[in-house]
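The values are calculated or read from the model by the stated rules, or taken from the named source; none is laboratory data. Predicted model only: the values in this text are computed from it and were never measured. Please note: Cβ atoms are built from the backbone with ideal geometry, for glycine as well, and neighbour counts cover all protein chains shown. For the accessible areas, the whole protein counts, side chains as well, though only heavy atoms, and no ligand, DNA or RNA atoms are used. Shrake-Rupley method; radii C 1.70, N 1.55, O 1.52, S 1.80 Å.
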Amino acid sequence: MKFSLSETDKKQLEELFLIHEDNLYASDILNAYLSNSHEDDGALVNLYKRKGLNEQEAVSRVFGQSINDDEIEDYERISKLYGFDKLTKLNASVYENTPYYKLLKKVNLKQKDVALVHPAYYPYEAFLMDETHIDSDGREVMPLGYFDKSFAFPALTKGKRTWMSLIPHEIRTMALPLEKAHGKVATLGLGLGYFAFMAAKKEDVTSVDIIEFDPNVIALFKEKLLPLFPNKKKINIIKGDAIAFLKNSKARYDYIFADLWHREDDALPLYMALKKIQKEKNLPLDYWIEKSILAYYRRILITLISEEYSGATDDDYQHSESELDRIINRLHFAIKDKELTSFESIVALLSENGLKELSSIA
């Protein structure tokens, strides 16, 4: 990238870098919390409530309890900026009474190394309840919620690894794609079949093709779950690689939904590959947690801007040891000649539209 910035632009860019550091710190706080056990959170919240804190204050206190004493002042600043001091209590019955939750409670599923289990959130355990998105100040907003009682949810395991969980985050982040689904629908990835189940219920959806690669997941779904679906005649499963299918299929769909990843970090390579196909074939394609993916991609791009602003050259982007390195290297060479003549041009590059465009060319 080639920088030609005024002094005012440079100050704004430095402020962007500071907010970027805050974003990384906030993300580290959340990841540290999520990596810990929360079996005792309920008892701790009740202890703080007996000491005079209200429930929201008590949950926030438990969320930040692992912060070291010398970090408290900075954590309190971050907590207010990122909403860690105001976690949202969710109504468990809203999720427990969804048709698919009720259906899965009735079945016992196991197929070779694939099984349906029912883990649970502990009372007052915090979790990401919706998509990460960027606010008007450039901060990564990570909406957190909790239940005030134990909350069991269905999960598909493969061996010892959780393959897919139907947690509130999944239900909330699929609401808009399900609203948009119509006519002949394709979904890339089966998971627990929630999207197919809910899409097939809609009167304006005529069919749902599911593209899934894993034969064990397909077998379990066909034998144990699909027969229980009230609209199973609308659903067709196609075994195959989703990328290859999208590239080569001559079928025309009114709506396509991609759900091939677990988190935004492992999504990015697939997202970028799909974006290129979408652009080439002009497909009506939406992506699960796209805002979260773009927030993660934006973080990577700001890192690249910072490096190049500090003088990095082509030689710094010749080698890679990880998929993230490869993405940064490709991104560098895709926009190495781009002229950034104002802070506004940097903001445009980092915007949702700018990131989507980059995803299809880098």
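With the simple model of a label 7 Å out from the Cα in the direction of the Cβ, T206 to E344 spans 4.7 nm.
Here the label points at N36 and E357, each 7 Å from Cα along the C-beta direction, are separated by 4.4 nm in the simple model.
Between A251 and K180, the simple spin-label model (points 7 angstrom out along Cα→Cβ) gives 2.0 nm. For R299, R263, the ranking by accessible surface with the largest value first comes to R263, R299, using a 1.4 Å probe. In the Gaussian network model of the chain, springs joining C-alpha atoms below 10 Å, which of D314, D209, D70 carries the largest mean-square fluctuation? Looking only at D314, D209, D70, the biggest GNM fluctuation is shown by D70.
Annotation: V94 carries an accessible surface of approximately 80 Å², with a 1.4 Å probe and no ligand, DNA or RNA atoms counted. Compared with the direct C-alpha span, the chain from L24 to L44 gains 4.5 nm at full extension, assuming 0.36 nm per residue. Answer rounded, prolate or oblate for segment 105-158, using the Cα gyration tensor with square roots of eigenvalues a ≥ b ≥ c: rounded when a/c is under 1.5, else prolate when a/b is larger than b/c, else oblate. Cα axes put segment 105-158 in the oblate bin.
With an 8 Å Cα cut-off and a minimum separation of 6 or more residues, compute the relative contact order for segment 126-179 in percent. Working shown, then result.
Working: 55 pairs, mean separation 16.6, N = 54.
Relative contact order of segment 126-179: 31 percent.
What's the longest bit of the chain with no exposed GluC sites (Glu not before Pro), using DSSP loop states and at most 13 other Cβ atoms within 10 Å as the test?
On the way: sites that count: E39, E203, E321.
My reading of the result: 40-202 is the longest stretch.
Taking Cα centre as origin and charging only the Cβ of basic (Lys, Arg, +1) and acidic (Asp, Glu, -1) residues, the dipole magnitude of segment 249-320 rounds to 520 debye.
To the nearest 10, the accessible area of H38 is 10 Å² with a 1.4 Å probe. In the complete set of protein chains, residue-level accessible area for L349 is approximately 10 Å², probe 1.4 angstrom.
Once you've got the Cα coordinates, tell me which of K201/K281; K158/K281; K10/K180; K160/K281 are over 32 Å apart. Intermediate results must be reported in sequence, preceding the final value.
Numbers: K201/K281 28 Å; K158/K281 34 Å; K10/K180 42 Å; K160/K281 38 Å.
Correct reply: K158/K281; K10/K180; K160/K281.
Heavy atoms only, probe 1.4 angstrom, no DNA, RNA or ligands counted: give me D316, D41, D148 ranked by accessible area, highest first. If you can, show how the numbers build up before the last one.
Details: D316 95, D41 5, D148 70 Å².
Most to least solvent-accessible, the answer reads D316, D148, D41.
Expressed to the nearest 5 percent, the antiparallel share of DSSP beta bridges inside the chain is 40 percent.
Per DSSP helix of 4 or more residues, -39500 (n - 2.57); summed, then divided by the residues of the chain. What does that give at 222 nm, rounded to the nearest 500? Don't skip to the end; give the middle numbers.
Working: 16 runs with 172 residues, N = 362.
Rounded to the nearest 500, the figure is -14500 deg cm²/dmol.
Extension gain, H262 to K232, is 8.2 nm, computed as 0.36 nm per intervening residue step minus the present C-alpha separation. One Cα centroid belongs to segment 260-326, the other to segment 11-50; the line between them spans 24 Å.
Can you list which of the trypsin sites (Lys or Arg not before Pro) found in segment 61-138 are DSSP loop residues with at most 10 other C-beta atoms within 10 Å?
Working: sites: R61, R77, K80, K86, K89, K102, K105, K106, K110, K112; in loops: K86, K106, K112.
Qualifying residues, ordered by number: K106.
For the chain, what does the alpha-carbon gyration tensor say about shape, rounded, prolate or oblate, given a ≥ b ≥ c as the root eigenvalues, a/c under 1.5 as rounded, and a/b over b/c as prolate? Oblate is the answer for the chain, as a/c is 1.5 or above yet b/c matches or exceeds a/b.
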